[in-house]
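Participant: Dumping the structure here so I can ask a few things about it.
The values are calculated or read from the model by the stated rules, or taken from the named source; none is laboratory data. None of the values given here were measured: they were computed from a predicted structure. Neighbour counts run over all protein chains shown; Cβ positions are idealised from the backbone, glycine included. Surface accessibility is based on the protein's heavy atoms, side chains included, excluding ligands, DNA and RNA. Shrake-Rupley method; radii C 1.70, N 1.55, O 1.52, S 1.80 Å.
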Amino acid sequence: ELAKDNHGRASSSPSFDRNRNAFKMSLGRSAEEEGTRLFREAIEGNYVVLGWGGDIDWSAPEYAEFANIKARWRQDHPDATGNDPNSQQLFALRGGMQTGDLVIISDGNKKFRAIGEVTGPYQFVPGFNGEYNHRRSVKWLWRNPEGLARELIYARGFSQVSTYQLDSEQLDWPAIEQLVAGGGESAASGEREPYVLIIDEINRGNVARIFGEL
């Protein structure tokens, strides 16, 4: 998958700080028309967008704290708990993400289709029909609308939660660097790099079944 997605190595190879935070985000449901539109617009506009959090502008400095987000949300929704996604996921976008963090855009629970770097603070931008009002600007480092298997870069399964922080120790940083350096639609087309495929202990298998009839 990594070899197929390589379109020629970039002039400089990225080296990511392993201590930086990374977040998983979904941009609508990928199989639905709305998800396709949100993904396209986010890629073209260089941002990520969240549907939770209602139509409140969370730009004020105090909303960098989860307790203040929760308290403000409960003014309009007294029965909401601290586990309400409108508080939890809004905080991940508003207060959790920092400039320089990575954002990995999921494609369902088993694939991912873009990697970006956060470049700016939270923004309130009223969306279509009053939905998806909350943004962070990003620089897209890699993208592929068809998506790649999640396990190529992350050892755990993706949750259905729209926005949450990933476990950095479960990220395959060299694979991410390889993707960013020479893969996806964001890379300039060039000469593909050579790859070596090593199959250990192949003599223990049925070679004809592994490769097809020889």
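Participant: Would you mind computing, in nm to one decimal, how far apart the modelled labels at Glu65 and Arg40 are, each placed 7 Å from Cα along Cα→Cβ?
Facilitator: Label-label distance for Glu65 and Arg40, simple model: 4.4 nm.
Participant: For segment 101-214, state the semi-axes of the equivalent ellipsoid (square roots of 5 times the eigenvalues of the alpha-carbon gyration tensor), sorted largest first and rounded to whole angstrom. List each step's numbers first, then the result.
Facilitator: Values: eigenvalues 249, 60, 38 Å².
Ellipsoid semi-axes (Å, largest first): 35, 17, 14.
Participant: For segment 23-71, what mean projected area does the convex hull of the alpha carbons give, in nm²?
Facilitator: Mean shadow area of the hull around the Cα atoms is 4.5 nm².
Participant: How much FRET efficiency would the formula 1/(1 + (r/R0)^6) give for Glu177 and Ile210, where r is the Cβ-Cβ distance and R0 is 45 Å, rounded to 0.05? Could the numbers behind the result be given before it?
Facilitator: Values: r = 30 Å, r/R0 = 0.67.
For Glu177 and Ile210, the calculated efficiency is 0.90.
Participant: Under the rule of -39500 (n - 2.57) per DSSP H run of 4 or more residues, summed and divided by the residues of the chain, what mean residue ellipticity at 222 nm is obtained, to the nearest 500 deg cm²/dmol?
Facilitator: Here the helix-only value at 222 nm equals -6000 deg cm²/dmol.
Participant: About the Cα centre of the chain, how large is the charge dipole given +1 on each Lys and Arg Cβ and -1 on each Asp and Glu Cβ? Please answer in debye to the nearest 20.
Facilitator: Its charge dipole is roughly 100 debye.
Participant: If ligands, DNA and RNA are left out, what is the accessible area of Lys24 with a 1.4 Å probe, given in Å² to the nearest 10?
Facilitator: 0 Å²
Participant: With an 8 Å Cα cut-off and a minimum separation of 6 or more residues, compute the relative contact order for the chain in percent.
Facilitator: Over the chain, the number comes to 32 percent.
Participant: Given 0.36 nm per residue, what is the gain on full extension from Leu152 to Leu2 after removing their alpha carbon distance, in nm?
Facilitator: 53.2 nm
Participant: Here's another thing I want to ask about it. Where Rh denotes the Kirkwood radius from the mean inverse Cα pair distance, what is Rg over Rh for segment 66-105?
Facilitator: Using only Cα positions, Rg/Rh for segment 66-105 is 1.07.
Participant: Could you work out the Rg to Rh ratio of the chain, with Rh taken as the Kirkwood radius (inverse of the mean 1/r over all Cα pairs)?
Facilitator: Here the Rg-to-Rh quotient is 1.05.
Participant: If you find the alpha carbon centre of segment 30-77 and of segment 100-161, how far apart are they in angstrom?
Facilitator: Measuring centre to centre over Cα atoms gives 13 Å.
Participant: Along each principal axis of its Cα atoms, how long is segment 46-88 end to end? Whole angstroms, biggest number first, please.
Facilitator: Ordered largest first, segment 46-88 gives principal extents of 35, 21, 16 Å.
Participant: Further question on the same structure: Ratio of segment 24-128's C-alpha Rg to 2.2 N^0.38 Å, to two decimals? Write down the numbers at each step before the final one.
Facilitator: Working: Rg = 14.1 Å, N = 105, 2.2 N^0.38 = 12.9 Å.
The reported ratio for this selection is 1.09.
Participant: Evaluate segment 84-127: find the radius of gyration of its Cα atoms, find its Kirkwood radius, and give the ratio Rg to Rh.
Facilitator: Rg divided by Rh gives 1.00.
Participant: For Lys4, which lysines qualify as cross-link partners when the Cα separation must be under 29 Å and same-chain residues fewer than eight apart are set aside?
Facilitator: Lys24, Lys110, Lys111, Lys139
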